[in-house]
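Every number in this text was worked out from the coordinates using simple rules, so none of it is lab data. If you're wondering where the values come from, they're calculated on a predicted model, not measured in any experiment. Here the Cβ positions follow ideal geometry from the backbone for every residue, glycine too, while neighbour counts run over all protein chains shown.
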Amino acid sequence: MFTGAMTALVTPFKDGSVDEAAFKKLIEFQIANGIDALVPCGTTGESATLSYEEHEAVIEMCIEAAAKRVPVIAGTGSNSTAETVMLTRHAEKAGADAALLITPYYNKPTQQGLYEHYKSAADSVGIPIFLYNVPGRTGVNMLPETVARLSGIKNIIGIKEATGNLQQISDCIEMSKKGFIVLSGDDFTTLPLLSIGGHGVISVTANVAPRMVSDMVKFHFAGKTKEARELHFRMQPLHRAMFLETNPAPVKTALSMMGMMREEFRLPLVGMNDANRGKLKDTLKGFGLI
């Protein structure tokens, strides 16, 4: 249920509010192009600048639009354990299939603090929980030993690993309980992660090229190594374009160029500079996306 190509959805805005029509259009685009699960309200969804009401509404919109065709893994993490519990309980009540919880940012908790944070959240709900480790964003790295301890908690079923460090990811797979789901949170290293026993990806690039991301993962699991490797290298320029500036500025700009939504962000995120915008446009043209 929680393997394959999954999309870290952007949150479209229109005149300062969530653009429900554009969000539903994006979801249909993802499902039609083979994506296996949807992940609203993660980092790519600008969750840190959504109000509680907006956060809950976006998750509800995604669940309604997906209509059980694919699972919804709701981003419900925060740097406050109490807020994390509140958002995760709402996601469970709304009908999310699982929740994705980022490590608490800014606080820089110890490894024991991380363990207690996730244990408290998992104990508060019955739905499956995915850990989310992205030290480049949060300032704290959850070590494989901590992940392994947490994997012993019944409803903590997996992790989105966005360190890009294959040794750390390998250690997580080796140390954690059998069947623990390890997902790439780094588009550049999805295929290498799959090759050492990973289960899929929560992808930024899939917002603009869901079919390509989906096909690469499917090729891998079908044993079509050559085809998967060819797609891996073919997509590298597109992955680079998605990170010309801070995510999600490039991917939202790309979706705007594709006619999917307005180019609108929440401060402190702003539009791309002209040089990077030009590089992004050229890349999208090269892939036939505009």
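Output the direction-averaged projected area (hull surface divided by four) of the convex hull of the alpha-carbon atoms of the chain, in nm². The partial results should precede the final answer.
Numbers: hull surface 54.1 nm².
Spelled out: convex hull of the Cα atoms, projected over all directions, averaged, 13.5 nm².
When you filter the chymotrypsin sites (Phe, Trp or Tyr not before Pro) in the stretch 70-179 for DSSP loop state and at most 13 other Cβ atoms inside 10 Å of their Cβ, you are left with TYR106. Counting only residues at least eight positions apart within a chain, or on another chain, the lysines with an alpha carbon under 27 Å from that of LYS25 are LYS14, LYS68, LYS93, LYS160, LYS218, LYS252, LYS279, LYS281, LYS285. Here the chain is assigned +1 on the Cβ of each Lys and Arg and -1 on the Cβ of each Asp and Glu. Its dipole about the Cα centre then comes out at about 680 debye.
For the stretch 116-204, the calculated P(r) over all alpha carbon pairs, in 5 Å bins from 0 to the bin holding the longest distance, is 3, 15, 28, 26, 18, 8, 2 percent.
Placing one identical point scatterer on every Cα of the stretch 1-148 and ignoring solvent, what is log10 I(q)/I(0) from the Debye formula at q = 0.11, 0.13, 0.14 Å⁻¹? The calculated log intensity ratios at q = 0.11, 0.13, 0.14 Å⁻¹ are -0.39, -0.55, -0.64.
Tell me the mean residue ellipticity at 222 nm calculated for the chain from its helices only (DSSP H runs of n ≥ 4, each -39500 (n - 2.57), averaged over every residue, nearest 500). Working shown, then result.
Working: 12 runs with 134 residues, N = 290.
Rounded to the nearest 500, it is -14000 deg cm²/dmol.
Positive end of the dipole of the chain (Cβ unit charges, origin at the Cα centre): among PRO144, ILE63, THR81, the Cα lying farthest that way belongs to PRO144. Measuring from centroid to centroid over Cα atoms, what is the spacing of the stretch 78-157 and the stretch 197-222 in Å? So the two Cα centres are separated by 24 Å. Extending 7 Å from Cα along the Cβ direction at ILE290 and again at TYR106 yields two label points whose distance is 3.4 nm.
Using a 10 Å cut-off on Cβ atoms, rank the peptides 29-38, 184-193 from the highest mean neighbour count down. Mind showing how you got there, number by number?
Details: 29-38: 20.3, 184-193: 22.6.
My ranking of the peptides, most packed first, is 184-193, 29-38.
Please give the length that would be gained between ILE153 and ALA82 if that part of the chain were fully extended, namely 0.36 nm times their separation in residues minus their C-alpha to C-alpha distance (nm, one decimal). Intermediate values should be presented prior to the final figure.
Details: separation 71, 0.36 × 71 = 25.56 nm, distance 1.91 nm.
Result for the pair: 23.7 nm of gain on full extension.
So for ILE290, ILE73, fewest C-beta neighbours within 10 Å to most, what's the order? Intermediate values should be presented prior to the final figure.
Working: ILE290 15, ILE73 30.
In increasing order of surrounding Cβ atoms, one gets ILE290, ILE73.
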